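Read the structure below first, then the notes.
The values are calculated or read from the model by the stated rules, or taken from the named source; none is laboratory data. Since we're looking at a predicted model, the values are computed, not measured. When we count neighbours, we look across all protein chains shown, and the Cβ atoms used for this are built from the backbone with ideal geometry, even at glycine. Surface areas here come from the heavy atoms of the whole protein model, side chains and all, with no ligands, DNA or RNA. Shrake-Rupley method; radii C 1.70, N 1.55, O 1.52, S 1.80 Å.
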Amino acid sequence: MSRAKIKANIKLKKHISTFQITILGFGAVILGGCFLLMLPVSSASGSFTGFWDALFTSASAVCVTGLVVRNTVTYWSGFGQAVILLLIAAGGMGVVTIRAGLLILAGRKPDLVQRSAMQDNYGALRLTGIVNLMSFILKVSAGVVILGAAAFAFDFIPRFGFLKGLWYSVFHSVSAFCNAGFDLMGSEVPYSSLTAYSGNLVVNITAMLLIVTGGIGFVAWYDIKEYKLNFKKYGMQTKVILCTSVVLILFPAVFFWLYEYGGTGREGLLMGLFQSVTARTAGFNTTDLTFFSEGGIMIMIVLMLIGGSPGSTAGGMKTTTVSVLVKSAFSVFKRKESTSFFGRRISDDIVKNASATLLMHLTLFLSGAAAISCIEGLPLLSCLFETGSAIGTVGLSLGLTPNLGFVSRLILIFLMFFGRVGGLTLVYAAISTKKRNLAEFPKGKITVG
């Protein structure tokens, strides 16, 4: 074998997959953010922050979760809050996008590996035009965040003064758009989120629009931009995302309004709608969740596990995963040979991926809650809520997280990371080569169901 071929083979073996790039990128940003948050300049008291508190905060910000062990507005200084905001933006847009954007600004073009990583990050179906899609995403994201900040400013600037109100407007606009759930509203009542704004139309509607916009996915944006309101011309994935999102917003909202808030008043309806929207990875809340019924808590856990859509700023199993599983089940009920949406057949590989994703999420969600319940001696339902919030990258809490011990926090950190980068991404990063079976085993029969 020639020396050139040997070098080529060595280079091929050292090749890093796009999945590994994503994992390493998120990990590097989390560690970098952790060390910045440890610095005395990051805390309001001017003292060093412990490694584990800083790591948890950085992981929660990069994974756009919103679970906190320190009250964001009182513990962190302006510099620390700015670091958290940058971590949220990097995690929400994706570290691959940020890196590619910097390359383009420097006059360089992303190579094939970087473009492939961008395709995975956006949930795009084709590699063609991926750089144009990235430019579109960055422009729209900036525009949406600016509009959101301007809307928040109508309320925050008169309430807090110009500079503080402007900072609050920008912070909450980025946090809502990235589905992060970090807030600066806990100065009087710690960890109060947006409970003081339960009846405020401007704050509620602005936050909900930002959350939904960030959570439907970048590919869906592009279809809407291309075809406006012509639903028939949208791609199948966009159609599934929009239909599933509408169902997952409206039906839980009606339940929360009728059952949790008594079905009366505009404020009750607004709170029900907000909780339905925010439960799928946003993490803000306008009501004290400890007063929710066990039925309401369980519905919120399910919504948190489902999460947002692929290629969005949100986490969770994704709306498309659940849609594929539900449609596949109905195909079985009707004894159809394949699963289809809008006249398009879904391949068996996609159904297998959806099933694997569900299995991984349920296993980690349940085992994590059981472990925390045993370690901390806490009610299992409350622990299920915290682990569902972590793996769904939501950030809603029943108040357990700040008081958890070291091991329980490590469990939540892992669940947040898993929920943000995706279970299949982690598996494919560990098993970088795809094995092809040249021969198949004979078929065997087994009874299920």
Exercise for review: Being under 23 Å from Ala282 (Cα atoms) and assigned to a loop (DSSP other than H, G, I, E, B) is the filter here, so list the residues in the stretch 342-393 that pass it.
Suggested key: Gly392, Thr393
Revision key, fill the gap. Per the filter on the stretch 292-337, residues among the aromatic types (Phe, Trp, Tyr) and without any contact (Cβ under 8 Å) to a residue 12 or more places away in the chain are Phe330, Phe333
Point to revise | Those residues of the stretch 160-209 which are open to solvent by less than 30 Å² (accessible area, probe 1.4 Å), in a helix (DSSP H, G or I), in contact (Cβ under 8 Å) with a residue 60 or more places away in the chain and within 17 Å of Ala61 (Cα to Cα), in sequence order | key: Phe171, Val174, Ser175, Ala176, Phe177
Check your understanding: Scanning the stretch 329-344 for residues that are within 12 Å of Gln237 (Cα to Cα) and in contact with a Ser or Thr (Cβ under 9 Å, 6 or more places away or on another chain), which turns out surrounded by the fewest Cβ atoms within 10 Å (Cβ to Cβ)?
Key -> Ser340
Point to revise | Candidate set: the stretch 262-271, residues that are free of Cβ contacts under 8 Å to residues at least 24 places away in the same chain and either in contact with an Asp or Glu (Cβ under 9 Å, 6 or more places away or on another chain) or surrounded by 14 or more Cβ atoms within 10 Å (Cβ to Cβ) (or both); chosen: the one nearest to Thr320 (Cα to Cα) | key: Leu269
Review point. For residues in the stretch 357-402 being under 19 Å from the mean Cα position of the chain (by Cα) and among the small types (Gly, Ala, Ser), which is most open to solvent (accessible area, probe 1.4 Å)?
Key: Ser397
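Can you find a residue in the stretch 29-48 that is open to solvent by 10 Å² or more (accessible area, probe 1.4 Å), of a type in the set (Ser, Thr, Tyr) and outside any helix (DSSP H, G or I)?
yes
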